[in-house]
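The values are calculated or read from the model by the stated rules, or taken from the named source; none is laboratory data. It should be emphasised that the depicted structure is a prediction, and the values quoted were computed from it without experimental measurement. With ideal geometry, Cβ positions are generated from the backbone for all residues, glycine too; neighbour counts draw on all protein chains shown. We work out accessible area using only protein heavy atoms, side chains counted, and drop any ligands, DNA or RNA first. Shrake-Rupley method; radii C 1.70, N 1.55, O 1.52, S 1.80 Å.
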Amino acid sequence: MNLLETRDLGVSRGPCPVLHGITLRVAPGEFVGLLGPNGAGKTTFLRAALGLIASSGQSSLASLPQGERARAASFLPQGREIAWPMPVEAVVALGRTAHPSATRATDRAAVERALARMGLEALRHRSATELSGGEQARTLIARALAQEAPLLLADEPTAGLDPAAQIAVMETFADLAAAGGAVIASLHDLGLAARHCTRLILLHRGTLAADGPPRAVLTPDNLARVFGIRARLEDTSDGLVFQPLGRIAP
């Protein structure tokens, strides 16, 4: 059973279409990297798929009642700043509001797992507003993880994180997919996407430009056409390594 299905999903801003007829399916076990330059439609797609903005076409998530949708998918938006002077563990526990019938023990265990995954145990009693930007980002990721929905949609989850934290987040997402869930994460770091994702979806000017395994998507032609760059892609003992080399003159 697919965790997300969209058919001809589109979004317009007034008379201007910004997302054009996106049709795809995401199944359990997939870690999908959503790629594309700024303005390609990545955030718009995630929000439309969740039913957070008006759209045309169909989305299996958007069609669900709000409560069911919250249990089917968690969402990590781009915004990372936390304005509430709450302890870190209280912020993370907000992810459990999707499960009103869960027992206190179940909620507590989910929060503990999320704190551990993001390495936040030592910060659990700190006010979230006193954290660094990267620590706030990890707290909000932990909140999404505590929701324990089968599908996680994350908008630039590694932005503002140091390299070790970026890798930890990608490994966590890969583990979620390997355990039978699925993750769709918009990413600008093509190296992280190549190394950790099982599938890449490439958007260009609001359209689906490519969809498949990393090596099939990160081709010289796609990189030149969509990003205007050339790069090196190599299989190593540590997995697929991607290195941008330079811009291609227009």
Cβ charges +1 (Lys, Arg) and -1 (Asp, Glu), total dipole of the chain, debye:
460 debye
Computed lengthening from VAL241 to LEU94, 0.36 nm per intervening residue step minus Cα-Cα distance:
49.2 nm
Amide H contacts of GLY29 (H built 1.01 Å from N, under 5 Å, at least 5 apart or other chain):
GLY180, GLY181, ALA182
Charge dipole (the chain, unit charges on Cβ, about Cα centre) - positive-most of ALA48, LEU192, LEU131
ALA48
Tell me the Kirkwood radius of the stretch 67-133: reciprocal of the mean inverse pair distance over distinct alpha-carbon atoms, in Å.
12.9 Å
Using only Cα atoms, what Kirkwood radius does the stretch 33-91 have, in angstroms?
13.6 Å
Please give the FRET efficiency for ALA116 paired with ALA83, using the beta carbon to beta carbon distance and R0 = 30 Å, rounded to the nearest 0.05.
0.75
Kirkwood hydrodynamic radius of the stretch 72-214, from inverse mean 1/r over distinct Cα pairs, in Å
15.6 Å
Take the stretch 1-128, drop everything but the C-alpha atoms, weight them equally and run the Debye formula without solvent; then report log10 I(q)/I(0) at 0.09, 0.18, 0.22 Å⁻¹ to two decimals.
-0.35, -1.10, -1.28
Stretch gain in nm, segment THR198-GLU130, where the contour uses 0.36 nm per residue and the Cα spacing is subtracted
20.9 nm
Work from the charge dipole of the chain (Cβ charges, +1 for Lys and Arg, -1 for Asp and Glu, about the Cα centre) and give the residue of LEU9, ALA110, PHE242 farthest towards its positive end.
LEU9
Average accessible surface area per residue within the stretch 139-250, 1.4 Å rolling probe, Å²
44 Å²
Over the chain: helical MRE at 222 nm, DSSP H runs n ≥ 4 each giving -39500 (n - 2.57), nearest 500:
-9000 deg cm²/dmol
Filter the GluC sites (Glu not before Pro) in the stretch 1-99 down to the DSSP loop ones having no more than 10 other Cβ atoms within 10 Å, then list what survives.
GLU81
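At a 1.4 Å probe, what is the % contribution of carbon and sulfur to the accessible area of the chain?
Carbon and sulfur together cover 52 percent of it.
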